[in-house]
1. Please determine, by comparing only the residues of segment 38-67 that are more than 19 Å from the chain's Cα centre (by Cα) and small (Gly, Ala, Ser), which one is surrounded by the fewest Cβ atoms within 10 Å (Cβ to Cβ).
2. Just checking, does segment 72-79 include any residue being of a type in the set (S, T, N, Q), within 22 Å of Glu148 (Cβ to Cβ) and in a strand (DSSP E or B)?
3. Only one of Ile114, Ile127 is in contact with a Lys or Arg (Cβ under 9 Å, 6 or more places away or on another chain), modelled with pLDDT of 90 or more and on the phi < 0 side of the Ramachandran plot. Can you tell me which?
4. Of the conditions (1) more than 26 Å from Phe166 (Cβ to Cβ); (2) in contact with a strand residue (DSSP E or B) (Cβ under 9 Å, 6 or more places away or on another chain); (3) not in a helix (DSSP H, G or I), Val84 fails just one. Which one is it?
5. Here is a list of conditions, (1) closer than 27 Å to Ala36 by Cα; (2) in contact with a Leu (Cβ under 7 Å, 6 or more places away or on another chain), and Ala186 meets all of them except one; can you say which number that is?
6. Give the residues of segment 120-153 that are in a helix (DSSP H, G or I), of a type outside the set (D, E, K, R) and touching a residue at least 40 places away in the same chain (Cβ under 8 Å), sorted by residue number.
7. I need a count of the residues in segment 48-64 that are in contact with a helix residue (DSSP H, G or I) (Cβ under 6 Å, 6 or more places away or on another chain) and under 17 Å from Ala203 (Cα atoms).
Amino acid sequence: MIRLVVPILWLYVLGSRAVFAAPLWLSCSAVGPTVAGVWMAHETGTFKKYGLDVQLIYIPSSGTNIQALLGGSLDMSAPGISGVVLAAARGAPVLSIAAMTNRPSMTLYVQPEIARAEQLKGQTVGISRYNSTGHTVTTLVLRKLGLEKVAPMQPLGGTPEMQAAFEEKQVAAIVSAVKPRAPARALLNAADLDIPFAMNVFAVTRDFLQKNPDILKEVSHESTTMARSPRRVLARHGPGDGAIVGE
């Protein structure tokens, strides 16, 4: 079961209301359920209610989000966890202060003729790019199924390219938050494999945290308003066909 940890997010974000009078630049690396709270807070005016002039932008890559954060173009970011981990491992002064889910909200989609996981042996599994969140989740799923060493992964460039390759049957499977347009079998939900995993997280630099210690102190009772249906909000920011965009 996936749990959204939105109230924790507001503990860090909304607690900074006394600090930011200037615009606060915040980015997301996806438009989908895992970051629904951020988009909904922006759309419903919750940020403004707490004195935050948030400028929310979409940057479709965790790595690019982290680069922008470290370069000073952003104050905060909601990237995939892989981007934060890789940057921190390389010594970058970035850290995650909240997670939005505790399980991967992605599905293993296979070509219709595949009915069982073991049929993926020797078949190619498409991913967006190496070291992306999708790559990490795909690796964990294949490992859980005992297929990590027998089902090779192929990087395809991004989510649209991954979807296109699946639809053209260039790959046998993908692990994605976006259902393919072509006929596909949803073989399993990654969340059901009980893999502890924070999908999108809330990231800041250490300098930001040191200069704004009060952001850890307050939680808004208004956070319950974030439980309103996210589809209306997400649909306005996603592709024209209403699909949800991930990294």
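The values are calculated or read from the model by the stated rules, or taken from the named source; none is laboratory data. As the structure is a computational prediction, the values presented were derived from the model and not from experiment. Positions of Cβ are generated from backbone atoms using ideal geometry, with glycine treated the same way; all protein chains shown enter the neighbour counts.
1. Gly45
2. no
3. When all the criteria are applied, what remains is Ile114.
4. All conditions are met except number (3).
5. Single failed check for Ala186: (2).
6. Within segment 120-153, Leu120, Thr133, Gly134, His135, Thr136, Val137, Leu140, Val141 qualify.
7. Selection size over segment 48-64: 5.
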